[in-house]
Amino acid sequence: MLELRISSQEQNLKLLSFVKKTLKMVPLSLIYRLFREKEIKVNGRPQKEEFVLTAGDVVRIFITENSLETLKNKTKEIKPQPFPYEIIYEDQNILIVNKPKGILVHGVMKENMYTLQQAVINYLVYQNEYQPDNSVFVPAPAHRLDFNTTGLVIFGKNTEALQTLFEIFKAHNLITKTYLALVVGKVSQDGTIKAPLYKNNETARVMVSEKLGKPATTIYHVEERFKETSLLKVTILTGRTHQIRVHLEHLQHPIVGDDKYGAFNVNHHFKKLYNVNSQMLHAHIITLGQLPGVLGYLSQRQFVAPLLPDFQKLIMTLRKEK
């Protein structure tokens with residue numbers, strides 16, 4: 001934990017500005033997460049980003065020294081280089097990429113972990129679009145995908161763009177996210193799943209719980225049926241952790257290859273026959289509504305990430321076997 005007393009030179013600063021200035025190496029996405037989780041307190045009480053500081057205030061930031069040291073090391077480890085994955089769209093404000101499986105979107109709290117965010121930072125430094133030593137801002141993702149989920153991830157290249165992206169994803173009605181999922185069994189018809197989801201922080205598992213869960217809605221459409229599986233187009237109206245994976249398991253059509261919520265026997269079968277070793281879930285389409293602020297020019301745009309080779313190859317094989 002960091003404990004800092006506000007000086008007369010720092011009074012009248014907004015809390016967000018002070019925290020960004022203090023934690024120069026910390027991605028803005030993590031700072032916002034600390035605010036959301038009430039890990040930033042003034043005089044012992046959680047405060048909002050716009051809170052105005054007074055001389056003598058005591059600010060406590062609940063982040064460990066080890067985590068800060070890890071962040072410092074990652075900043076030192078920047079290696080300018082071309083982006084190693086597919087870029088779907090890029091302009092002066094945002095970067096949209098097609099994430100492969102087997103990589104964290106961001107993992108600033110973990111040591112020795114190369115992340116998608118690190119690849120983006122390396123790329124932007126290579127392009128002379130970001131100078132880490134001259135800025136308190138760190139390019140960051142506006143949302144996350146699971147380690148083995150592939151597809152669209154949007155990064156903000158500057159403070160204003162990233163803050164606007166956070167607002168867009170928080171509003172839900174300004175963005176529609178559509179996924180492709182290969183699931184166990186033949187799904188008979190299209191449908192909607194409305195089942196509250198609860199995350200157990202001790203086990204890191206999410207479950208359907210009418211009593212403890214938060215509202216979650218998933219809409220699914222059958223794209224194609226195979227011998228033992230179905231390809232679904234899935235749209236989420238809420239953004240709960242592991243929502244699609246848990247909802248489809250609740251439907252009794254878990255995602256093929258999902259080692260946490262899937263069917264063990266089916267996963268073993270697909271690994272043996274088709275070398276499937278992760279969940280077949282892909283963030284396929286992002287459709288934007290009428291956007292506010294600096295990103296208004298992207299209103300009504302749609303971005304599509306093609307299936308990555310292993311997923312595409314599996315679909316082609318299953319079609320031949322029908």
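Tabulated data for the structure shown
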| quantity | calculated |
| --- | --- |
| Selection from Phe226, His106, Val58 lying farthest towards where the dipole of the chain points positive, charges on Cβ | Phe226 |
| About the Cα centre, charge dipole magnitude for region 2-63 (Lys/Arg +1, Asp/Glu -1 at Cβ), debye | 120 debye |
| Subset of Lys38/Lys177; Lys233/Lys271; Lys177/Lys233; Lys48/Lys170; Lys20/Lys99; Lys271/Lys313 violating a 18 Å alpha-carbon distance limit | Lys38/Lys177; Lys233/Lys271; Lys20/Lys99 |
| For Gly185, residues with placed amide H under 5 Å, excluding near neighbours | Thr229, Ser230 |
| Per residue, the convex hull volume that the Cα atoms of region 2-63 enclose (Å³) | 68 Å³ |
| Residues Lys14, Lys99 arranged by fewest to most Cβ contacts within 10 Å | Lys14, Lys99 |
| Unit charges on C-beta of K, R, D, E only; dipole of the chain, Debye | 600 debye |
| Potential lengthening between Val58 and Ser188 on full extension [0.36 nm per residue; Cα-Cα distance subtracted] | 40.9 nm |
| Under 20 Å from Lys41, Cα to Cα: aspartates and glutamates that are on another chain or at least 8 residues apart | Glu3, Glu10, Glu49, Glu50, Asp57, Glu65 |
| Mean Cα-pair separation over length for the chain, i.e. relative contact order, pairs under 8 Å, 6 or more apart, % | 14 percent |
| Computed over region 176-322: relative contact order in percent, which uses C-alpha pairs under 8 Å that are six or more apart | 24 percent |
| Relative contact order (percent, whole number), region 2-63, Cα cutoff 8 Å, 6+ residue spacing | 54 percent |
| Nonlocal amide H pairs with Arg205, under 5 Å, H built at 1.01 Å | Asn200 |
| Protection proxy ranking, peptides 252-259, 207-214, 222-229, average beta carbon neighbours within 10 Å, highest first | 252-259, 222-229, 207-214 |
| Computed FRET value (nearest 0.05) for Ser8 with Tyr126, which takes r as the C-beta separation and R₀ as 45 Å | 0.60 |
| Calculated [θ] (222 nm, deg cm²/dmol) that DSSP helices of n ≥ 4 give over the chain, each run adding -39,500 (n - 2.57) | -8000 deg cm²/dmol |
| Dipole of the chain [Lys/Arg +1, Asp/Glu -1 at C-beta], most positive-end residue of Tyr198, Ala140, Ser17 | Tyr198 |
| Local electrostatic count, Asn93, Cβ distance below 12 Å [Lys/Arg +1, Asp/Glu -1] | -3 |
| Equivalent ellipsoid, the chain (semi-axes from 5 times Cα gyration tensor eigenvalues, Å) | 38, 22, 19 |
| Placed amide H near Leu13: partners under 5 Å, 5+ positions off or other chain | Leu53 |
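Read-outs: derived from the displayed coordinates by stated rules, not from any lab. No experiment lies behind these values; they were computed from the predicted model shown. Because the Cβ atoms are built from the backbone with ideal geometry, glycine has one as well, and the counts that use them run over all protein chains shown.
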